[in-house]
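Contents: one structure, followed by commentary.
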Amino acid sequence: MAEHVSGLVPVLARQSAPDDAPVAARIDLLGLVHFLITQEDKTLTEALREHSSDLLTSVLIPNCTWRAGQSNNKIRKGGMVCVHAMLEKRLVAASALNRSFSDLLPILKSCLDDSFAPDNRLIACFVLSCTLTELQAEINSEQLREIYPELLKRLDDSNDKIRMAVCEALGVFFKCLPPQDVLVERPAPDRKSVV
């Protein structure tokens, strides 16, 4: 299978295109992508790592984007599960993930705000935590400023699992902050000179 990954990714992108492909085909293809990602085959893993950027941008991100309808909600969840599996296996290089982050962040924000799908909120917390772990050295302060309010909102979630997941994500978030200057203790002013 590994030798065919380069030809398979464009086919997956075409066959799972949200505007053209039927719902059943998209669900099946996301199941296939998850199956491939979770296989314990070193050559397949390396081939997926080599093409992970294309897989993320052309197959997964388009299928994670919000669209109305119950079927699209299932597809979105399936896409997010695949993104999480890729990040857990560290298939996406930090540089490629950083390039895709501007497309991924609105999806994560909308999943974190999904009132009707706690599963989507939970998987978004996991994806955000993995993303921050991978991007620690590359993420910039503007991106961090955009993420922080979204994480804070989830601390008030009605689901305990989501609150615990967001606490883990916040732990990773604080590791991404740039180091602060060390405070230098200054001597107290001489009272005589003040008077």
Item to check | Average Cα contact separation per residue, the range 1-46, under 8 Å, 6 or more apart, as relative contact order % | outcome: 38 percent
Next on the checklist: Just checking my list (1) 15.1; (2) 14.4; (3) 12.9 against mean projected area of the Cα convex hull in nm² computed from this structure; which label fits?
Outcome noted: (1)
Item to check | Charge dipole (debye, nearest 20) of the range 1-125; +1 at Cβ of Lys and Arg, -1 at Cβ of Asp and Glu | outcome: 280 debye
Checklist entry - Using a probe of 1.4 angstrom, how much of the accessible area of the range 31-79 is carbon and sulfur, in percent? => result 54 percent
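Using the heavy atoms of the protein chains alone and a 1.4 angstrom probe, what is the accessible area of the chain per residue in square angstrom? Intermediate results must be reported in sequence, preceding the final value.
On the way: 11200 Å² over 195 residues.
Heavy-atom accessible area per residue stands at 57 Å².
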Item to check | Integer Hz, Karplus 6.51/-1.76/1.60 couplings in order for the range 30-37, x for Gly and Pro | outcome: 5, x, 5, 4, 4, 4, 5, 5
Checklist outcome for this item: Summing +1 per Lys or Arg and -1 per Asp or Glu among the other residues with Cβ less than 13 Å from residue 72's Cβ gives +3
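Based on the alpha-carbon gyration tensor of the range 70-113 and its eigenvalue square roots a ≥ b ≥ c, which shape applies: rounded if a/c is under 1.5, prolate if not and a/b is larger than b/c, or oblate?
Taking the square roots of the gyration eigenvalues as a ≥ b ≥ c, the range 70-113 is oblate.
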Checklist outcome for this item: With every protein chain kept in place and a 1.4 Å probe, the residues 86, 164 fall, from largest accessible area down, as 164, 86
Checklist entry - Hey, if you put +1 on the Cβ of every Lys and Arg and -1 on every Asp and Glu Cβ in the chain, which of 81, 174, 139 ends up farthest toward the positive end of that dipole? => result 174
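Under the rule a/c < 1.5 gives rounded, and otherwise a/b versus b/c splits prolate from oblate, where does the range 1-46 land using the Cα gyration tensor?
Values: a/c = 3.97, a/b = 1.83, b/c = 2.17.
Since a/c reaches 1.5 but b/c is at least a/b, the shape of the range 1-46 is classed as oblate.
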Checklist entry - Of the chain, which part is the longest with no GluC sites (Glu not before Pro) in a loop (DSSP not H, G, I, E, B) and with at most 11 other C-beta atoms within 10 angstrom? => result 41-184
Next on the checklist: Just to check I understand the Karplus step: with θ = phi - 60° and J = 6.51 cos²θ - 1.76 cosθ + 1.60, what whole-Hz values come out for the range 121-130, glycine and proline as x?
Outcome noted: 5, 5, 5, 5, 4, 5, 5, 5, 4, 5
Checklist entry - Within the range 120-137, what residues put their amide N at less than 14 Å from the label point 7 Å along the Cα-to-Cβ vector of residue 102? => result none
Checklist entry - Using Cα pairs under 8 angstrom and six or more residues apart, how large is the relative contact order of the chain, in percent? => result 17 percent
Next on the checklist: If packing is taken as the average number of other Cβ atoms within 10 Å across a peptide's residues, how do 14-27, 66-79 rank, most packed first?
Outcome noted: 66-79, 14-27
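Would you mind giving the average projected area, over all directions, of the Cα convex hull of the range 1-104 in nm² with one decimal?
On the way: hull surface 23.8 nm².
Mean orientational projected area (the range 1-104, Cα hull): 5.9 nm².
The values are calculated or read from the model by the stated rules, or taken from the named source; none is laboratory data. The structure presented is a predicted model; accordingly, all values stated were derived computationally and were not measured. A quick note on method: Cβ atoms are made from the backbone with ideal geometry, for glycine too, and the neighbour counts reach across all protein chains shown. The protein model used for the area step is the full one, side chains on, heavy atoms only, and it has no ligands, DNA or RNA in it. Shrake-Rupley method; radii C 1.70, N 1.55, O 1.52, S 1.80 Å.
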